[in-house]
Structures are given as structure tokens and as C-alpha cells.
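This report refers to the structure that appears directly beneath it.
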């Protein structure tokens, strides 16, 4: 069977790690950056995860998948997978991932700062993630306003962000929208819809 990067990627996504390994490992060893990234994911996801090998591949990825690989290293540090758990090191890798154009790094950093109760930093990072087209960040922004993490609770602003999130394709927003709408009057709901059009 000839080696094929796309077949290896599809096999990884389908959970067929033996087939993915067959296609991706030789290409990764040969130095194909996308194969190194994809094979690193195989090593993380398979039943007998090999974190050290995954790290080895992720650390050498360059090009369009470099940000993704840096993000995965951040995940390993945040969760303590194969390395000593370190949120600070994870944040460093997420920042590097964001610099390389992978805006999910900013989103993950924002969620860490939200847990640390540094809400202004979380808000700034959610906005950075959203600027980078990581749409789920709009939900994070709305949640900060709904919970009163940025000053007083602001349900109108929260609702406007939830509406915006739904409009840009974030799944599961209907429940959040309906919950907040049930706590507002018609005039405030109208204001939220108007505000969402300006986001």
C-alpha cells in the first residue's frame, strides 16, 4: 500500500490508528511537517498514548501546522500528560500558538485566566481569539457579562454576545439565549439584538 497523507489523516479522524500510523509515521520520519503533526495526534489519542514521542514530533513541526502543534504541547502541560503539569508553561505555548495564527491558543488562555479570576485578561484574550476567527470566543465573552465578571451583571450585553455567537455559527447557543431572554423585558431584548448587529 502506497503512503498517503490524506488517507492517514482520514484514518486518524476515524479512530483507525493502525492505518493512520501506517501512512503517517514514515512521512513524519521523512520530515513532512503535516505528517509530523498528524502522527503526533495519533500518538496522543491511541489507547497506549506515547506522550514523549508525540512531543518530539510536535516540537519539530514548522509551517502551517506549527501553531496547532504548539497548542497540543500547551494541552500536554495544562493537563499534565507525559510532562509535569504547569499552567504557566501551557500559557507560554498557547501564546506561541496564537502568534503562529492558531487563535484557539488565545481562547484556551482566556479560559485559564477566567478560572484564575483574572477576568479583564480573559476578556482581552477572548476578543483576540475572536479576532482570529475562533468563533466560540463570542460565547466566552457573553458568559463573562452574564456572570458579572466584568463589572456588574450585564444581561443585555451578554445576550448580544450570545446572539452574535449563534449568528457566526457557534453551536448550542439557543439555550443560553433563551435563558437570558427569560430574565429580560422586551425593550432590553430589542436592545440586545440591536447591539449584536454592531459586534
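Observations on the model:
- For the pair the stretch 77-130 and the stretch 1-61, the centres of their Cα atoms are 25 angstrom apart.
- Protection proxy ranking of 33-45, 9-21 - average other beta-carbon atoms within 10 Å, highest first: 33-45, 9-21
- P(r) histogram, all alpha-carbon pairs of the stretch 135-199 included - 10 Å bins from 0, percent: 26, 60, 14
- Peptides ranked, highest mean first, by Cβ atoms within 10 Å: ranges 185-193, 87-95, 66-74, 140-148: 66-74, 140-148, 87-95, 185-193
- Of (1) 64, 34, 28; (2) 97, 40, 28; (3) 56, 33, 29, the label for Cα extents along the principal axes in Å derived from the coordinates: (1)
- Site pair residue 92 and residue 199 shows an inter-label distance of 3.5 nm when each label is modelled 7 Å from Cα along Cα→Cβ.
Values quoted throughout were computed directly from the atomic coordinates according to the rules given, and no laboratory measurement underlies them. This is a predicted model, so every value here is computed, not measured. Because the Cβ atoms are built from the backbone with ideal geometry, glycine has one as well, and the counts that use them run over all protein chains shown.
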